[in-house]
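Working notes for the structure below.
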Amino acid sequence: MKISKQWLSVGVIVAGLALGAAALVIFGPKVEGIEVGKRAPDYKAALITTGDSVSIHQAAKGRVTLVNIWATWCIPCRAEMPAIEQLWRQLGPKGLRIVSISIDDGDVGDVRSFARDYGLTFDILQDRSTRIQQVYQTTGVPESFLLDKQGLIVKKVIGEHPWSSPSNQRLVANLLGGD
């Protein structure tokens, strides 16, 4: 049986693609899911008050930290911010750290105005590239990750969440009290 040059070429291309895919699986970067029990990935974004680059790992080092990814145009984010501020005011003095990262691609002044209008006093960063959404594998905004003192994710929340509720306050307080 004679195979035409065209089918031979197709076979070579398919075999090359299969080998390339196998090589990526074997030798490519390991992509792990961002889930409870895993170490939160590091990321740097600009602090809106100074423009300084802040690393999540550096900010969270040895502290219970709430990482919140949001945007000024997001209605559920707007609804959630007062609860985050209340949690911060109650447990910030006991060691809670909030790292709130806006994915707004506009001027930093818009994010500053939002923070001022909502009376937010915790650290707010801006990631105009929105790359944090890829790093943290978010599905939208808001999305939050509560980290223990070792930087492990203990709670992941997609969407608006009542962070100042009694159950969340107990959870954070227990994490703060633990070693």
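Here LYS5 fits the description: farther than 23 Å from GLY151 by Cβ and open to solvent by 40 Å² or more (accessible area, probe 1.4 Å).
In summary, GLU80 fulfils each of the numbered conditions (1) part of a loop (DSSP other than H, G, I, E, B); (2) touching a His at 6+ places or on another chain (Cβ under 7 Å); (3) over 19 Å from ASP148 (Cβ atoms) with the single exception of condition (1). Residues that are over 17 Å from SER167 (Cα atoms) and among the charged types (D, E, K, R) within the range 67-93 comprise just one, ARG78. The number of residues in the range 8-58 being under 19 Å from PHE145 (Cα atoms) and either open to solvent by 40 Å² or more (accessible area, probe 1.4 Å) or in contact with a Lys or Arg (Cβ under 6 Å, 6 or more places away or on another chain) (or both) comes to 12. Within the range 42-62, residues that are part of a loop (DSSP other than H, G, I, E, B) and modelled with pLDDT of 95 or more reach partners that are open to solvent by 50 Å² or more (accessible area, probe 1.4 Å) and not basic (Lys, Arg) with beta carbons closer than 6 Å, at six or more positions or on different chains, in the pairs ASP42/HIS57.
The values are calculated or read from the model by the stated rules, or taken from the named source; none is laboratory data. Treat the numbers as computed from the prediction; the structure is a model and nothing was measured. As a convention, Cβ positions derive from the backbone with ideal geometry for all residues, glycine included, and neighbour counts pool all protein chains shown. Each accessible area value is taken on the protein alone, full model and side chains, heavy atoms only, with ligands, DNA and RNA left out. Shrake-Rupley method; radii C 1.70, N 1.55, O 1.52, S 1.80 Å.
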